[in-house]
Amino acid sequence: MTGIEKFKKVWDPIDKMIFSVVKYACAILLAVLIAIVFYIFIGRYILHDSPMWGEPLSLFILTWMSILGSALVLRTDEHLKVTMFDEKMSKGGILATDVLATACVLIFAIFMVMYGYQLMVQARTNTMAGVNIPYKWMYASMPVTGVLYILALITQWTTKLSHKEAPKLL
């Protein structure tokens with residue numbers, strides 16, 4: 001058993017647990033978002049009384065759901081990407097572009113953690129109108145997702161290096 005296989009044996013259950021929680025959180029957030037937007041629609045067009053809290057809360061939920069969901073697709077390398085040159089490139093060229101893309105995502109993840117935390121600190125006293133939720137909780141999605149991106153890259157590369165299929169979520 002190689003070192004990567006030993007690491008993967010330990011890492012896969014941790015990865016599966018973390019990203020299963022993220023997957024179900026996104027599903028719950030989507031259901032809540034749909035219910036809130038439907039309620040806003042009913043309130044605005046049928047009851048003629050739109051709730052003040054509806055739009056800021058739906059923005060808050062949409063922010064968390066979309067940014068967490070991006071970590072899910074990064075984990076399994078299912079995100080949108082340009083592949084029209086892949087068939088014309090050698091395996092070494094494809095590997096080089098994969099390494100470059102990973103480096104860019106890693107730099108972006110570190111940026112999200114660092115500057116997301118700074119935004120949280122700056123916005124700790126500001127609250128969202130209508131819901132009274134501090135903006136720091138909306139900005140918390142950035143460092144959380146930055147860490148998830150790094151974990152997703154670990155899974156992505158352990159899968160590539162072991163030449164096995166990515167672990168499936170429940």
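The values are calculated or read from the model by the stated rules, or taken from the named source; none is laboratory data. Every value quoted in this text rests on a predicted model; they were computed, and no experiment measured them. Ideal geometry is used to build each Cβ from the backbone, glycine not excepted, and the neighbour counts take in all protein chains shown. Heavy atoms of the whole protein, side chains included, go into the accessibility calculation; ligands, DNA and RNA do not. Shrake-Rupley method; radii C 1.70, N 1.55, O 1.52, S 1.80 Å.
Taking residues in the range 1-25 that are farther than 16 Å from residue 76 by Cβ, and partners anywhere that are of a type in the set (D, E, K, R) and open to solvent by 50 Å² or more (accessible area, probe 1.4 Å), the pairs with Cβ atoms closer than 9 Å and at least 6 places apart or on different chains are 1/9; 5/164.
What single numbered condition from (1) among the small types (Gly, Ala, Ser); (2) open to solvent by 30 Å² or more (accessible area, probe 1.4 Å); (3) within 26 Å of residue 31 (Cβ to Cβ) fails to hold for residue 146? Against the list (1) among the small types (Gly, Ala, Ser); (2) open to solvent by 30 Å² or more (accessible area, probe 1.4 Å); (3) within 26 Å of residue 31 (Cβ to Cβ), residue 146 comes up short only on (2). Please pick out the residue among 50, 58, 66, 20 that is farther than 24 Å from residue 150 by Cβ, part of a helix (DSSP H, G or I) and either out of contact with any helix residue (DSSP H, G or I) (no Cβ under 6 Å at 6 or more places or on another chain) or hydroxyl-bearing (Ser, Thr, Tyr) (or both). Checking each option against the conditions leaves just 58. Might you let me know whether the range 111-132 holds any residue that is touching a Ser or Thr at 6+ places or on another chain (Cβ under 6 Å), farther than 20 Å from residue 73 by Cβ and open to solvent by less than 70 Å² (accessible area, probe 1.4 Å)? Looking for residues that are touching a Ser or Thr at 6+ places or on another chain (Cβ under 6 Å), farther than 20 Å from residue 73 by Cβ and open to solvent by less than 70 Å² (accessible area, probe 1.4 Å), one finds none in the range 111-132, hence no. Evaluation of residue 107 against the conditions (1) part of a helix (DSSP H, G or I); (2) open to solvent by less than 70 Å² (accessible area, probe 1.4 Å); (3) not aromatic (Phe, Trp, Tyr) shows that the sole unmet condition is (2).
If I ask for residues that are in contact (Cβ under 8 Å) with a residue 60 or more places away in the chain and not hydroxyl-bearing (Ser, Thr, Tyr), which ones from the range 60-70 would you list?
Residues satisfying the conditions are 60, 64, 67, 68.
Whether any residue in the range 54-68 is out of contact with any Phe, Trp or Tyr (no Cβ under 9 Å at 6 or more places or on another chain) and among the small types (Gly, Ala, Ser) is what I want to check. Scanning the range 54-68, I find at least one residue that is out of contact with any Phe, Trp or Tyr (no Cβ under 9 Å at 6 or more places or on another chain) and among the small types (Gly, Ala, Ser), so the answer is yes. Considering the range 117-132 alone, what residues qualify as being hydroxyl-bearing (Ser, Thr, Tyr) and in a loop (DSSP other than H, G, I, E, B)? 125 - this is the single residue of the range 117-132 that is hydroxyl-bearing (Ser, Thr, Tyr) and in a loop (DSSP other than H, G, I, E, B). Among the residues making up the range 56-88, those that are among the acidic types (Asp, Glu) and open to solvent by 100 Å² or more (accessible area, probe 1.4 Å) are 78, 87. Scanning the range 72-87 finds one or more residues that are farther than 20 Å from residue 22 by Cβ, in a helix (DSSP H, G or I) and more than 14 Å from the chain's Cα centre (by Cα). Candidates are the residues of the range 133-169 that are in contact with a Phe, Trp or Tyr (Cβ under 8 Å, 6 or more places away or on another chain) and in a loop (DSSP other than H, G, I, E, B); the one that is modelled with the lowest pLDDT is 169.
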